[in-house]
1. Out of curiosity, is Ala531 part of a helix (DSSP H, G or I) and free of Cβ contacts under 8 Å to residues at least 12 places away in the same chain?
2. Say we look at the range 481-495 and pick out the residues that are surrounded by 17 or more Cβ atoms within 10 Å (Cβ to Cβ) and either without any contact (Cβ under 8 Å) to a residue 60 or more places away in the chain or hydroxyl-bearing (Ser, Thr, Tyr) (or both); which of these is nearest to the ligand (Cβ to nearest atom)?
3. Taking only the range 220-230 into account, find how many residues are assigned to a loop (DSSP other than H, G, I, E, B) and touching a helix residue (DSSP H, G or I) at 6+ places or on another chain (Cβ under 9 Å).
4. Which of the residues spanning the range 358-401 are more than 12 Å from Gly431 (Cα to Cα), of a type outside the set (Gly, Ala, Ser), within 16 Å of the ligand (Cβ to nearest atom) and touching a residue at least 40 places away in the same chain (Cβ under 8 Å)?
5. State which residue is nearest to the ligand (Cβ to nearest atom) when the search covers only the range 498-532 and only residues that are farther than 17 Å from Pro354 by Cβ and basic (Lys, Arg).
6. Which of the residues spanning the range 422-447 are over 20 Å from Gly262 (Cβ atoms) and either of a type in the set (D, E, K, R) or free of Cβ contacts under 8 Å to residues at least 60 places away in the same chain (or both)?
7. Determine whether Ala539 is over 30 Å from Thr35 (Cα atoms), in a strand (DSSP E or B) and among the aliphatic types (A, V, I, L, M).
8. How many residues are in contact with a strand residue (DSSP E or B) (Cβ under 8 Å, 6 or more places away or on another chain) and crowded, with 16+ Cβ neighbours inside 10 Å if we restrict to the range 96-109?
Amino acid sequence: MSEIYPVSDDWKKKAFVTAEGYTAAYAQSVRDPDTFWREEAKRLDWMTPFTKVKNTSFHEADFGIKWFEDGALNVSANCIDRHLPERKDDIAIIWEGDDPSQQRRITFGELHTEVCLMANALKALGAQKGDRITIYMPMIPEAAMAMLACTRIGVIHSIVFGGFSPEALAGRIQDCDSNIVITADAGMRGGKLVPLKHNVDAALTHCASVKACLVIRHVGNDIDMQDRRDVWYHDVRKTVPCDCAPEIMGAEDPLFILYTSGSTGKPKGVLHTTGGYLVWAAMTHHYVFNYTPGEIYWCAADIGWVTGHSYVVYGPLANGATTVMFEGVPNYPDHSRFWQIVDRHQVNIFYGAPTALRSLMREGDDWVKKTSRSSLRLLGSVGEPINPEAWEWYYHVVGEGRCPIVDTYWQTETGATMMTPLPGAHALKPGAASKPMFGVQPVLVDGDGTLLEGATDGNLCMIDSWPGQMRSVWGDHDRFFQTYFTTYPGKYFTGDGCRRDADGDYWITGRVDDVINVSGHRMGTAEVESALVAHAKVAEAAVVGFPHDIKGQGIYAYVTLNANEVESADIRADLIKWVRHEIGPIATPDVIHFAPGLPKTRSGKIMRRILRKIAEGDVSNLGDISTLADPSVVENLVQSRSTAG
Ligand code: PRX
């Protein structure tokens, strides 16, 4: 057991929430949610005040999730316009390019003008309230402007991470029938060009719904522009007015769709709505980071993931914070880059992913120590379990023992943070997500759904709704109910395993379904399998996760080739290339293990438990294999494991 770090006296004084304050507010949030949320919702400006706070049920008979349902508001007005009287000249966005010599600083006043211009440009291209627009962008301020412009005119955005392939992009455009795509000529990551417009061109050959593509010039590389479809933003921008009234949106009107992987089938379009999501993002940003006006806040996530939505753009800007956007990667031009950015912009709050920390930790402390980091006062972690070794390094080396670490546990589906230690309220335990956020009611259940009490391991569920909960799967409301509310009827099942210790602190132990977490990116094993079996030489594939020092989990693929194919290094290389082409580099298998057969039950079900053990190299205790149709398959896989690569 690692050390426990108590709240410092300094933090006890400056924190918004103390230990006693947390206990009282949490109790009220659960006992009397109406009063609690009525008060919290005051942090936003409502165009029409709501009268009804919560109207939710996780039960099949009256299933539904609505918050603040008769209220109306606009997200971009909350993130920009309402700050203008006092903060017009304050910096809203600090941008740092992949190239360390490139920086931009954008005030709230400038952001207002830019968002209005982009909103009007979208209108000029035919965008209307309720349309879906796909955003495929690098981490540049125009990405945040595009998001806010959509919200300004009531358009639902769907952001696709710039690392996804044209195939993956096309699937996501088709699923939500986008009529416009916003992209850039290219992005830069680690000195390498990411050919975004080129990828969009390839995707759009399969997307008849797209009538226009708005292109931001960023890198200046040569690209093809298709007549009547593609328009340069800098051209349209000159032709449209610089003011655009924000659309009045119902609290339950859709705000954005974000595709994420599940344990089965295609990625699903997680749908978030306007009022509850923004209350949740703003409130959690306020308490978790203890954000005080004037501080510089940096969340190092990409807007292609939910963390970028809630904690680069919506949460911080709703709170009038100065948010840093970084285009590049942690190790370019060298391993000091993160900490150089901290010094250059005097960052006070840094929020990043364990995978980046582990990769930097490996390079040694000197890269950190040659920077000052004296501006830092709070650190955050997100996206995957942080191992105690990385936690201790983050705390002692990066934060010099001065900065609490908020280890925030949440999901695309939950909109924002569900569990975390609050910096002035909770002692820190390396690796623990600690305590539930206000209004969050976690329970642990066993495989049969029986509630487990006290210190125990179990499957993590939520027994009641919170404002930022997803509302549906785009185009398939039944899939929403089936995926999350039927495993344990009446409860939202997270898919995560979790331990509760004797102090009532929660520790996330990782996914218990067929989702794996590779470098903090969520990947459905089924997706990688379907990419593999789509290859002409593959008969069957089974994919599992295995522990990986840097990535947290790596991708281990068992592949059975067609009968006439011979295993070879060439086929292995070809399969890896194929998966990158079908999904994107983040899905690159770490290991391909050619398997003449896969372990199956007599009814034909692949026994993944055994495949996971073999991938982990833990073959001494494979458990009961007597139910297998052909137990010799297992022996063969154990023998051939050393040849996998
Ligand atoms: O397994 C949990 C893990 O990431 C999953 C959610 O992934 P995604 O929807 O992509 O959202 C990532 C950004 C919030 C969860 O089901 N996870 C996320 N944060 C943590 C975590 N596991 C442990 N500790 C965390 N702090």
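1. no
2. This residue is Thr494.
3. Result for the range 220-230: 6.
4. Arg358, Leu378 - these are the residues of the range 358-401 that are more than 12 Å from Gly431 (Cα to Cα), of a type outside the set (Gly, Ala, Ser), within 16 Å of the ligand (Cβ to nearest atom) and touching a residue at least 40 places away in the same chain (Cβ under 8 Å).
5. Only one residue fits best here, namely Arg499.
6. Result: Lys429, Lys435, Val440, Val443, Leu444, Asp446.
7. In short, yes.
8. Adding up the residues that qualify gives 6.
Readers should treat all values here as calculations from the given coordinates under stated rules, not as data from a laboratory. What you see is a predicted model; the values in this text were computed from it and never measured. Counting neighbours? That spans all protein chains shown, and the Cβs are built from the backbone with ideal geometry, glycine included.
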